[in-house]
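First the structure, in the form of structure tokens, and then the observations on it.
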Amino acid sequence: MYYKYTDSLKFIAPLFLLLFLLANAIFCNASPQSAVEGMDLKYGKSDDYLKDETEFSKTRNISHDAFDSVYSQVASSGENVYISWEQAVGGSNAKNYDIYFVVSHNGGSNFSKPMNISNNSGFSEHPQIVATGNNVYVLWVDNSNGYRQVLLRSSHNGGESFTPALRLSSVNNISFNAELDASGSNVVAVWNNYEPSKGFVVTMIVSNNKASSFENRVSLGSADQYSYPKVRVSNGQYYATWNTNQTIDSMGRILFTSIGNETDASPSRPLKIASYLNDGEPQIMVIDRNIMIFWTSANQSGGYNLYFARSSDDGYHFSKISNLSENFNDSSNVETAFDGKFLYLLWQEGINGNQEILLRMTTNNFSDFGKIRNVSNNNGTSECPSLSISNGRLHIVWEDDSTGNHEIFYRSLNLR
Ligand SMILES: [Ca+2]
Ligand SMILES: [Ca+2]
Ligand SMILES: [Ca+2]
């Protein structure tokens, strides 16, 4: 998958796209969860912040379904914890996947029975979820119309009921690798959009009324079929990052752009903040004027590490790149969350061939990172993690095959 882009590829791009659509996604398409609203930016320093194993809740099987349960995401707000995943329906040879959803109203102690919120015959994949107040938004990619489109359902009563599915993408465009964020009444979504006449374009759409309606789509920059755009809204400003793979020259790039509010919707020119060798799916966190971008990439010796670049001036300049998994060699699928004081990183790491979920947090002003904890700690393949923080509790989900089929596992950690 590490190839050089040539002119001839432009003509066979639809074929590549078809192959890509048929293949299982390589990445988890994981989404970071929003920063806590009304956050208290007191930078503390503590050497003993990550507590012992006993502080983690027991690992729980959330999907508990004999068929394929994959690509889980978690969001939380107060005591409400929401989990969504992609579930095979109709048996082990089923071609249909649907988006399942559960909610806890007591900080993860109990969860509701799964609700099928796509419930259609198309391939419904890669849910993304974000929560603010009593609102929760679930977005996914669905080919029920014969092409891949981005659908969104909203709940304004803590996940008890949802609005009908709203299509965010354009008819007959192929839209995938979608992501969303929300703050107050703002809901923003991005995805990778393919039109034969325009190629792959990172596309953004914004709602100012809790996803009742959306404004015009904005093109943020060119992409390719392996680009994974991510978005954040913070103080009325939108921030996006994505990777491009050797489309311009032989170098993979991590790009960043900021987009103003409604009066200035045009994006700034995408800024290249890093090069990478392979993989490259980035995540973005915005806290005040700090913008932090995390990604995993092949290193010079062929292994994979977790990398980090930071801006402390609202994205005008970025720091040099740090390696946050230097003692490992098989890092992938990073996500990040913020508890109002510390930043938490969760990623997938191959340790002696066993895929595990690792947790690391900042110790001081987002520049120092502390010791690494193993959250999954089992012999199964543990992959595609997601995390969210609310009311002093860190909620973690991932996909695990310890039981013999892919299930969604959940653990939480008391941060207080
Ligand atoms: Ca299952
Ligand atoms: Ca379906
Ligand atoms: Ca494992």
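FYI, it's all coordinate maths here, none of it is from the lab. Owing to the predicted nature of the structure, the values given are computational and were not obtained by experimental measurement. In this analysis, Cβ positions are derived from the backbone assuming ideal geometry, glycine residues included, and neighbour counts consider all displayed protein chains.
The equivalent ellipsoid of the range 25-414 has semi-axes of 26, 26, 22 Å, largest first, where each one is the square root of 5 times an eigenvalue of the Cα gyration tensor. 3J(HN,Hα) couplings calculated from phi for the range 323-335 with the Karplus curve 6.51 cos²θ - 1.76 cosθ + 1.60 (θ = phi - 60°) are, in sequence order, 9, 9, 9, 5, 8, 10, 8, 8, 8, 7, 6, 7, 9 Hz; Gly and Pro show x. The mean sequence separation of alpha-carbon pairs under 8 Å and at least six residues apart, normalised by the residue count of the range 25-414, gives a relative contact order of 17 percent.
How many percent of Cα pairs in the range 176-221 exceed 11 Å? Above the 11 Å cut-off, the range 176-221 has 64 percent of its Cα pairs. Set the Förster radius R0 to 30 Å, insert the Cβ-Cβ distance between His105 and Glu55 as r into 1/(1 + (r/R0)^6), and round the FRET efficiency to 0.05. Computed FRET efficiency for His105 and Glu55 comes out at 0.85.
Taking one quarter of the surface of the C-alpha convex hull of the range 236-367 gives a mean projected area of 8.7 nm². Packing here is the average count of other Cβ atoms within 10 Å per residue, and on that basis the peptides 109-122, 126-139, highest first, run 126-139, 109-122. When you count the other C-beta atoms within 10 angstrom of each residue and take the mean per peptide, 343-355, 168-180 line up highest first as 168-180, 343-355. Between Asn216 and Ser161, residue separation times 0.36 nm minus the direct Cα-Cα distance comes to 17.1 nm. Highest mean packing comes first when the peptides 330-336, 304-310 are listed by Cβ atoms within 10 Å, giving 330-336, 304-310.
Other residues within the sphere of radius under 9 Å centred on the Cβ of Ile99, judged by their own Cβ, net out at -3 (K and R +1, D and E -1).
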